[in-house]
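Worksheet: one structure, shown below.
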Amino acid sequence: MSHTSTESIPSLRHVLSVDFDTERTASPGHPEGNRYLLTATGGRFRGEGPDGFFDGVVNSASDWVTQHPDGSMSLDVRAQLQTSDGTVILMTYDGVSADGQVHTAPRFSAPSESAFAWMNRLVCISVGTVRNGGVSYTVYTLA
């Protein structure tokens, strides 16, 4: 496919940045690789609209990770974000992590009548890093 002057290359707009603190439970020896459950024990998120926290109890997140024989990891995440105004937004994503880098495609589900309903229509990507005791990443949408 060739690029013509009438086509535009999409740009990215920052949606939010996330810092999860996690605990890991291992389940090794599966045919597809070792499995891990990472549970968010705390953390924060902030962005152009939403900002808030994870307390690890009511506003929780779980990351089901499969570590493949080549060392890469497949991610399957569900997280409830509680904003500073009390709105709970579900964020889900699949992704890949390799060499400490995390690449995902988040989706959001905010209450239809909330100030964050606009997030339900976003197409997003995220990039981040694994850190000791957690993961940090930034979510962008196509602008």
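The values are calculated or read from the model by the stated rules, or taken from the named source; none is laboratory data. Note that the coordinates shown come from a computational prediction; the quantities given were computed from them, not determined experimentally. Neighbour counts run over all protein chains shown; Cβ positions are idealised from the backbone, glycine included. Areas reflect the complete protein model, heavy atoms only, side chains present, ligands, DNA and RNA absent. Shrake-Rupley method; radii C 1.70, N 1.55, O 1.52, S 1.80 Å.
Of the residues 108, 54, 45, the single one that is more than 16 Å from residue 19 (Cβ to Cβ) and either out of contact with any Lys or Arg (no Cβ under 9 Å at 6 or more places or on another chain) or surrounded by 15 or more Cβ atoms within 10 Å (Cβ to Cβ) (or both) is 108.
Residues that are farther than 14 Å from residue 15 by Cα number at least 2 in the following strands (runs of 3 or more DSSP E) confined to the range 44-143: 51-54, 61-67, 73-83, 88-98, 101-104, 124-131, 134-142.
Checking each residue in the range 13-43 for being out of contact with any strand residue (DSSP E or B) (no Cβ under 7 Å at 6 or more places or on another chain) and assigned to a strand (DSSP E or B) picks out 29, 30. Quick check: is even one residue across the range 59-67 surrounded by fewer than 20 Cβ atoms within 10 Å (Cβ to Cβ), free of Cβ contacts under 8 Å to residues at least 24 places away in the same chain, more than 23 Å from residue 127 (Cβ to Cβ) and of a type in the set (Ser, Thr, Tyr)? Yes, the range 59-67 has at least one match.
Within the range 118-138, the set of residues being within 14 Å of the chain's Cα centre (by Cα) and open to solvent by 20 Å² or more (accessible area, probe 1.4 Å) comprises 123, 125, 127, 129, 130, 135, 136, 138.
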